[in-house]
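This report concerns only the one structure given below.
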Amino acid sequence: MKYNLIIIAIFILGSNMAQENRNYINPGLITATATLSPAKMLNRNEMNYYVTGFWEARMDKHLSFRGEAGYMLGNSNDKMLKNNIRAFFGLQYGIPIKNLDLHVGIMPGMSVMQSNRSTSGNFEVVPSLSLNAGMKFYVYKFFNFFANCSYIHSSMNDLVHQSGMSDELMLSAGLGFNFQVLKKYR
């Protein structure tokens, strides 16, 4: 419910601030963000909190290359994950509607994870996969509002007599910054 109100406020604010005839979604657009993101573990009844950020380079009206990273904030000893740092790189497909960009994407990556339930206490480097969907609303040539939902699949191997599955559903929203690198679209 809280995120629905944020998205509605973004559209109202954006519609008042955006120039209707100016389209910011063009090749050469670089977007970067940083935010706090809650993540619900799907295999356990636990919540984790991350500092996340992404950068995205638009190659044409629909396709962009995206890199994303996340650092898990401190967790209590009764939770499964003690530490988690991850990075993803992949492609996004966007559907631009004026200055609203609806997008979906897939990004393979790596996670460096440590569990409170590990017998050795060592860090594990494991492959991960992120599937995401979201929107960006460009309200000015230098910034946008964004909301994103990601399903992140990863699994630890160093746990005895229990599943190492650590899939999460993560929500991110906030303010993004843009820079157009191609002069003809500035």
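Observations on the model:
- Taking label positions 7 Å along the Cα-Cβ direction at both residue 62 and residue 116, the computed distance is 4.6 nm, reported to one decimal.
- Helix 2-17 axis, angle to the chain major axis (alpha carbon atoms, nearest 10°): 20 degrees
- Ordering of 73-86, 48-61 by burial proxy (mean other Cβ atoms within 10 Å per residue, highest first): 48-61, 73-86
- Taking the accessible area of the chain, probe 1.4 Å, and keeping the other protein chains in place, the carbon and sulfur fraction comes to 67%.
- Derived scalar couplings between HN and Hα for region 138-153 equal 7, 9, 6, 5, 10, 8, 8, 9, 9, 9, 8, 10, 10, 9, 10, 9 Hz in order, rounded to whole Hz, by the Karplus curve 6.51 cos²θ - 1.76 cosθ + 1.60 (θ = phi - 60°), x for Gly and Pro.
- Computed E for residue 171/residue 22 - FRET, C-beta separation, R0 30 angstrom, nearest 0.05: 0.55
- Lysine pairs meeting the criterion (Cα under 30 Å, 8 or more apart or interchain), as found in region 76-186: 8
- Cut-off 20 Å, label 7 Å out along Cα→Cβ of residue 77, residues of region 103-117 by amide N: 114-117
- Cβ-derived FRET efficiency at R0 22 Å, residue 32 paired with residue 182, nearest 0.05: 0.85
- Probe 1.4 Å, accessible area per residue of region 92-137, Å²: 45 Å²
- Interchain or long-range residues, amide H under 5 Å from residue 43's placed H: 167
- Computed over the chain, the alpha-carbon pair-distance distribution with 10 angstrom bins reads 9, 36, 29, 17, 7, 1, 0, each value a whole percent.
The values are calculated or read from the model by the stated rules, or taken from the named source; none is laboratory data. Since we're looking at a predicted model, the values are computed, not measured. A quick note on method: Cβ atoms are made from the backbone with ideal geometry, for glycine too, and the neighbour counts reach across all protein chains shown. Side chains are part of the model used for accessible areas, which takes the heavy atoms of the whole protein and leaves out ligands, DNA and RNA. Shrake-Rupley method; radii C 1.70, N 1.55, O 1.52, S 1.80 Å.
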